[in-house]
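Take a look at the structure set out below.
The values are calculated or read from the model by the stated rules, or taken from the named source; none is laboratory data. In this text, all values refer to a predicted model and were calculated from it rather than measured experimentally. Cβ placement follows ideal geometry from the backbone for every residue including glycine, while neighbour counts extend to all protein chains displayed.
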Amino acid sequence: MTRSTPKSPIVLAWTSCPDQAGAQAIAATLVGERLAACVNRIGGVSSTYFWDGRLQEDAEVLLVMKTTAARLPDLKARLLTLHPYELPELIAVEVVGGNESYLDWVRQGVALPNEALANED
């Protein structure tokens, strides 16, 4: 009898980038390193915020990253090395439901080789 391992919760994480080229480079790296199964790049985002005591308005590209709670710490560490901002936004929320087949695909997309084998049981 095989014991199944509990499934890591799926997490949606997002960050904003100053331009499409930087956003694409970050997305490709995170997916290529299996830290995110998929990254959506959403252009045309307008951000309003205070920085250095002044009101700022910027056009940005929003990245929506799909990963697991288990891989989020590694994604965070890598994002902080890649991101051009002094203080990059990174917000993550746990997914409470969805298409289970898609959620399993996300898990497989970020699974380390030994995790992928364990999930085949």
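Does Trp51 satisfy the condition of being under 25 Å from Ala70 (Cβ atoms), of a type in the set (Phe, Trp, Tyr) and either out of contact with any Pro (no Cβ under 6 Å at 6 or more places or on another chain) or in contact (Cβ under 8 Å) with a residue 24 or more places away in the chain (or both)? Lay out the reasoning, then the answer.
Numbers: under 25 Å from Ala70 (Cβ atoms): no; of a type in the set (Phe, Trp, Tyr): yes; either out of contact with any Pro (no Cβ under 6 Å at 6 or more places or on another chain) or in contact (Cβ under 8 Å) with a residue 24 or more places away in the chain (or both): yes.
In short, no.
Residues checked against (1) of a type in the set (A, V, I, L, M, F, W, C); (2) more than 24 Å from Pro113 (Cβ to Cβ); (3) at pLDDT 95 or above:
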position: Ile42; (1), (2), (3): yes, yes, yes
position: Val45; (1), (2), (3): yes, yes, yes
position: Gly53; (1), (2), (3): no, yes, yes
position: Met65; (1), (2), (3): yes, no, yes
position: Leu79; (1), (2), (3): yes, no, yes
position: Ile91; (1), (2), (3): yes, yes, yes
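Conditions tested, residue by residue: (1) in a strand (DSSP E or B); (2) of a type in the set (Gly, Ala, Ser).
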{"residue": "Ala21", "(1), (2)": "no, yes"}
{"residue": "Arg34", "(1), (2)": "no, no"}
{"residue": "Val45", "(1), (2)": "yes, no"}
{"residue": "Lys66", "(1), (2)": "yes, no"}
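Quick one: count up the residues across the range 14-30 that are touching a helix residue (DSSP H, G or I) at 6+ places or on another chain (Cβ under 8 Å) and over 19 Å from Glu86 (Cβ atoms). Show your work before the answer.
To start, the set of residues in the range 14-30 that are touching a helix residue (DSSP H, G or I) at 6+ places or on another chain (Cβ under 8 Å) comprises 15, 17, 25-26, 29-30.
Checking which are over 19 Å from Glu86 (Cβ atoms) leaves us with 29-30.
Adding up the residues that qualify gives 2.
May I ask you to verify whether Pro84 is in contact with a helix residue (DSSP H, G or I) (Cβ under 8 Å, 6 or more places away or on another chain) and in a loop (DSSP other than H, G, I, E, B)?
On the way: in contact with a helix residue (DSSP H, G or I) (Cβ under 8 Å, 6 or more places away or on another chain): yes; in a loop (DSSP other than H, G, I, E, B): yes.
Yes.
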